[in-house]
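Down below is the structure, laid out as structure tokens.
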Amino acid sequence: MSETMEEILANCMERMETGVSLEACLAEYPAAAAELEPLLRMTQQMKRLTKVAPRPAFAQYARTQLEDQLVSPRKAVPFKGLFRHTRQEPGTLLQKRSNAMGMFKLILATVLAMSVTTATGAYAANASNPGDVLHGLDLAMENVQLNLTSDVSGKVQLRLEFASERLAEAQATFANNDVADGQEAVNEYGAEISAATQLIGGADGANQEALTSLLQAAQGVHQDVLTQLLATVPDQAKDGIQQALDASKHHGKPDDIGNPNDGGKPNGSGNPAKNPNKPGNPNDPVIPTGVPAGPPSSVPGGPPDHVPGKP
Amino acid sequence: MNPQSKLPKLLALAAEGDRQSFGEFYALHLNEIYRYILFRIYDDNEAEDLTAKVFLEAWENLTGRQPSHQIKNIRAWIYRIARNKVVDYLRTRKPHEPLDDNPDKKLQSAWLETELDDLFISQKLAEGIRRLPPNYQEIIILRFINQMSHAEAAEIMNITESHVRVLQYRALRHMRDLVFEVNNE
């Protein structure tokens, strides 16, 4: 009994999986070759789609979040929309505003769990620390993500995500007694928060309110981490962390977010005058991630003398 | 060493509560499960959420399982969880969320890993897959994107191998016509 087309196709595919060429297969079935060839070529082309993969940031968050859940599987964590804080549509952001605190509690989980992830080396490039060879690559990938994100909400959420990563890096480097790199990570954290604040200043009224809530929720978590760091780092690093803590407490307050009608220019903090390239609205050019907002000696997120209301 | 051969040991350790082993299991399967979900639902945000839920359910399933209930085929097991998640998602997707709402945008970040030279062809193929009926979509994803054997695809789809052969032939013919349409648009 002669083979059906289904069988011929399947046999050809199985043989090609063992290394037989497409042409050799077609030569064996000359009567079916005209029908077989486009189908077999299409299956070969579809192998390209195996390159499709989730975003590295998702892979990292998902793993840390999953491992966190595995420690206490009964813990109530809002898994629905878990990773949306990395990229939300402006409309859905408002709808999910009530979940903002819950979502950003996850940032803490990530910050705390990232040291575990880093130890496994599974995401070496993405979890590199200042001073590491791969840290530049890590920052470059973050910059690509920022450039591919067109809406201000998405950019703010990425900035907050990166701020959390900088804090995790600070934890890791201080834990290794690497004070200089730890301080650099804290500075970069301040720059991310400053950039997020200025982006929020450029958002429209409704989104600005929602994004401000997200920023405040994130900073509540960040402040816990900074306070823990402050208690454990060597004396020479305490000033920088205290300044980051002060700046974190300040950023996100209503007077710090730019009026949506003022063209997105922030009101004082974030050191905009010294950083004209800082994005103040979604159309502004994006600065490379990790570039501190001010000069190296500046307070992370902007010097104290630029903080309104600071004594 | 074939990473798949490590799976039974990894899962045995994970079932005893070893997070590290489950993390390795996750790393081995993350990309293929994500791809499976993404090409079924064509929304990368939702695909990320569903992927995370698949692994959480896998953990719960694993740790709540009686020791006598062995998982015979680990890959098929995780795919079946993913399949159920996709089915639930498609069943409950709100009617006002159109499937064809700017698919390029929805897949934008997923394409980051794709070489630019491949992008054009890949997008044509993805658009062809998107237009296929669900059972054709599934066989194409399992067999040609995630490179599973006839036997593996049959187990996941709960059909016979001969049915897989018939289905893949029909799916490829249908897709050939769709890609031709896409090329002419």
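Side notes on the structure shown:
- The residues on offer are B:Ile129, B:Ile140, B:Ile145, and the sole one that is at the interface with chain A (Cβ under 10 Å from one of its Cβ atoms) and at pLDDT 95 or above is B:Ile140.
- Scanning the stretch A:6-21 for residues that are crowded, with 16+ Cβ neighbours inside 10 Å and farther than 17 Å from B:Gln147 by Cα yields A:Glu6, A:Ile8.
- So A:Pro73, is it over 30 Å from A:Leu22 (Cα atoms), at pLDDT 80 or above and in a loop (DSSP other than H, G, I, E, B): no
- The criterion of at least 3 residues that are at pLDDT below 80 is met, among helices (runs of 4 or more DSSP H) falling completely within the stretch A:136-250, by A:152-175, A:205-232, A:235-250.
- Verdict on A:Arg55 being in contact with a helix residue (DSSP H, G or I) (Cβ under 9 Å, 6 or more places away or on another chain) and touching a residue at least 60 places away in the same chain (Cβ under 8 Å): yes
- Being under 14 Å from the mean Cα position of the chain (by Cα), buried (at least 21 other Cβ atoms within 10 Å of the Cβ) and of a type outside the set (Gly, Ala, Ser) is a condition met by at least one residue of the stretch B:156-174.
- Out of A:Arg15, A:Arg41, sole residue that is charged (D, E, K, R) and either at pLDDT below 70 or under 23 Å from B:Phe39 (Cα atoms) (or both): A:Arg41
- For the stretch B:29-46, a residue qualifies if it is at pLDDT 90 or above and not β-branched (Val, Ile, Thr), and the qualifying residues are B:His29, B:Leu30, B:Asn31, B:Glu32, B:Tyr34, B:Arg35, B:Tyr36, B:Leu38, B:Phe39, B:Arg40.
The values are calculated or read from the model by the stated rules, or taken from the named source; none is laboratory data. Everything numeric here is computed off the predicted structure, so don't read it as measured data. Cβ: placed from backbone, ideal geometry, glycine included. Neighbour counts: every protein chain shown.
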